[in-house]
1. Please name all residue pairs, on different chains or six or more residues apart, with Cβ atoms under 8 Å, provided the first residue is in segment B:63-91 and is under 30 Å from residue B:200 (Cα atoms) and the second residue is among the polar types (S, T, N, Q) and surrounded by fewer than 23 Cβ atoms within 10 Å (Cβ to Cβ).
2. Select from segment B:172-191 the residues that are part of a helix (DSSP H, G or I), surrounded by fewer than 19 Cβ atoms within 10 Å (Cβ to Cβ) and of a type in the set (Val, Ile, Thr) and list them in ascending order.
3. For segment A:268-286, state whether one or more residues are in the same structural domain as residue A:31 (by TED's automatic domain parsing), without any contact (Cβ under 8 Å) to a residue 40 or more places away in the chain and part of a strand (DSSP E or B).
4. Of all residues in segment B:211-250 being among the polar types (S, T, N, Q) and within 22 Å of residue B:155 (Cβ to Cβ), which is farthest from the chain's Cα centre (by Cα)?
5. Please verify whether residue A:79 is surrounded by 17 or more Cβ atoms within 10 Å (Cβ to Cβ), at the interface with chain B (Cβ under 10 Å from one of its Cβ atoms) and assigned to a strand (DSSP E or B), treating the condition exactly as stated.
6. In this structure, is residue A:163 at pLDDT 85 or above, away from ligand 2 (no atom under 16 Å from the Cβ) and among the β-branched types (Val, Ile, Thr)?
7. I'd like the full set of residues that are away from ligand 1 (no atom under 13 Å from the Cβ), over 19 Å from residue A:253 (Cα atoms) and not in a helix (DSSP H, G or I), limited to segment A:205-231.
8. Just one of (1) away from ligand 1 (no atom under 16 Å from the Cβ); (2) closer than 19 Å to residue A:220 by Cβ; (3) touching a residue at least 60 places away in the same chain (Cβ under 8 Å); (4) hydrophobic (A, V, I, L, M, F, W, C) trips up residue A:61, so point out which.
Amino acid sequence: MSGLVIDSVRKAFGATQVLHGVSLSVRPGEFVALLGPSGCGKSTLMRIIAGIDAPDAGRVIINDRDVTRAHPGARDVAMVFQNYALYPHLTVRQNIAVPLVMRRLSAWQRLPFLGGFAGAARRAIAADVERIAEPLGLAPLLDRRPAQLSGGQRQRVALARAVVRAPHVFLLDEPLSNLDAALRVTTRREIVDIHRRVGAASLYVTHDQSEALTMADRVAVMLGGRLLQCAAPADVYDRPANLDVARFIGSPAINLLPAEARDDGWVQLAGRATGLATAARGPLTLGVRPEAWRIGAGGWPARVEHTEFLGDGLLVHARLDDHAVLLRAEPDARIAVGDVLPIGFDPARALVFGADGARVAAVEPAHA
Amino acid sequence: MRRGEALAAWMLTLPAALAFLLLLLAPTLAAIALAFSDYELGVWPPHWIGLDNFREMWTDRGFRTSFVNTLVYVAIVAPVSVAGGLGLALLIEGAARGRTIFRAIFFLPVVSLTVAMAAAWQYLLHPTIGPVNAVLRAVGIAGPAWLSSSDTVLLSLAAIGIWESIGFNMVLFMAGLTAIPRELREAAAVDGARAAWDRFRLVTWPLLGPTALFVVVISLIRSVRVFDTVAVLTRGGPNKASEVLLYTMYTEGFTFLRLGYSAAITLVFLVIVLGLMLVQTRILDRRVHYG
Ligand SMILES: Nc1ncnc2c1ncn2[C@@H]1O[C@H](COP(=O)(O)OP(=O)(O)OP(=O)(O)O)[C@@H](O)[C@H]1O
Ligand SMILES: [Mg+2]
C-alpha cells in the first residue's frame, strides 16, 4: 500500500518505554489525526516517522519503501513543527524555497558565487514559491523575516514550506497550539484545504479532541504510548473501543456507572432494569453520554447539585444514588438546584464495557 | 518629587561614576596628554611637543619592526584560533561522550597562568633537551632553536598564543551553539539538507553569526595585546625579531623612562583596539542580528 505504514514501532528513552508497539497506516489523500494527552508519545512517533529519531524496533514504510533507517531528507516526508522552526535569518521567500533548493540544485549550484549557473532552475523555484504563497495570503510578506510576522503568519509560512515540494507524507505536530482560539478555528479549514490540494498522506498530531474530530477522516487515539483505536470520528465517539477511549473522547466527559448483567443478559443499574441486554455476564460498566439522558416520568430519581448554562444547552450535575452524573438538558429547561429529576436513557445510545474495559455489544433481548 | 528622584539617581550613580572618572577616564586622558609631550621620568617640567612623538614613531625602525611583528602575530593567531575554536566546538558538540572532559582539557590554558606556562613552553621548545625537537630528531629532522632564532621566534610565540586562546574561543562557540534551537537543525534535515555541511551552511553558521563576530573581535584584541609570553620568553629578541607593540611600549616607558614616547605608543594601541570595537558595534552588528 502506498502512503504511510507504521509497523509495531517501539521506543524507549533510558528506562522509560515511550512507545509500546504502535501500528498505523495512512492512505494517500487521507487525513488522520493522532489524538492523545500531553506526554503520551505523539511527538516521539512523529520524529520517528520523519527520521529525526530512530525506533528501537518496528518499521516505517513510506510509499512501499522501508525507510526505517533512511535519512530524513530521503523519505519524502515534510513536517510542520510545533514552534514552526522557521529559519530566522532567511526571508519568507527563502524559507519556503529551502526544500526545493536542497532537492533540485546540486551542491555546486548552491554555492553562493556559482549560483548564477543555475539560472533556469532558480527561476523555476521562485515560481513554485510564489504559486504556493499566493493562496495562503503570503504574497505580500515574501520579503519579510520570520521575526516580522505574527504567529498566524509564521504558521502559514511553515505550512507553505512543508507542502511546497508536494511530499508523499505530510506530518503536522500540534501546528495550532500557539494560536489564539479564533485563529485556530479559521486555520483548521486552511490546513484541511491544503491537505486536499496536496493529496499527501497526512498525519496531524493534537491533544485537542475538537480539532481531531472536526478535521480528520480518521482519529487515532493514543494513550500512554499505545494506539487504542483508529476509526472515523463518529465511530470513536459513538463506539469507543474501550473505557479509556470513552473517558478521553467527549467533552463534557461520558458518565461511567457500575452496573451488572443478570444471568439472562439483562443489564441492571442500581438494582433497576435498564432495558439493555448484553452477551456479557456479571459486573460491567455502563457508559452514558451527557446528551443521551432523557428527563421524564418513570426514570431514576437524580438530585440536582449544580447547573451550568452553556448557551445552546444546560449542563446539569446531579447525583444518582452514590454516583455523580452529568446530563445535558435543553437551555430553557426549568431546573433548579435541589430538584429531584426522573432520568433515563435510550438503550440504543448507551455503551456497555466488560470487566476488562473493552466495549461489548448490546444485543437484542431475545438473543440474550 | 521629580527633582527628588533625579537627585537620588545622581547620588546612587555617584560611586560608580567617581570610580570610572578616577580609575579609567583620568589615567586615559593623562596618557593621551603625555603622548603629546616629551616627558621623561626625572626631567621636569615636560614640554608640549605636538606630534613629534608620532613623527619619531614613523621614522623609528624599531617601532616599525614592532608594529609589523604585531601584525604578523595577529594575522596568524586570530584566524587560526577562531577557526580552530569553531572546529573544536563542533567536534565536541557532535561527540557522543566525554564532552565535559574535552571542554575542560581545552579550556585549561585559559585558566592557567601564562607566566607559569611559559616555563613549560621554554622546556618543550628547548633546542637540545626539548621534547619537540626530540620528536623531530626521531624522524630525522634537525629542529631549529625555536625561541632563539629570528626565523622561528615569532612563529613559536604565535603557536603559544593559539594554544592559549583556542580553548577560550571554543567555549564561546559552544555557548553560541547551545543557543541554536535543535529543532532548526532537525527541520533542515527534513527539508533535505542531508550532508552535515549543508546543515552547517543553512542553520549553524548563520545563527552563529553574532557569536562568531564577537569571537573574531575578541581574538583580534587579545592577540594585539600580546605581551607576557614575549616579556618572559624572548624579551623582544633575538635582534628585535619578536618585538611587539606592548613590549616596545614597556621598554620605552620602564627601561628608557621615556614616558611621553611610551604614551604615544599606548595611544596607537588604544586607537587600534577602539577601532576594532567600533567595527563590531557599528558596522557588523547590523548584519548578523536577525530581527
Ligand atoms: N529525548 C528524550 N529523552 C527522554 N525522555 C523523552 C525524550 N523525548 C521525550 N521523552 C519523554 O517521552 C514521553 C513522550 O514525549 P512526547 O514528546 O512524545 O509527548 P507528546 O505526546 O508529544 O506530548 P505533548 O502533547 O506535550 O507534546 C514524555 O514522557 C517525555 O518526557
Ligand atoms: Mg509533542
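1. B:90/B:204
2. B:178
3. no
4. It comes out as B:239.
5. Yes.
6. yes
7. Hits for segment A:205-231 are A:216, A:217, A:218, A:230, A:231.
8. (3)
The values are calculated or read from the model by the stated rules, or taken from the named source; none is laboratory data. Source: prediction; values computed, not measured. FYI the Cβ positions are ideal-geometry reconstructions off the backbone, even for glycines, and counts take in every protein chain you see.
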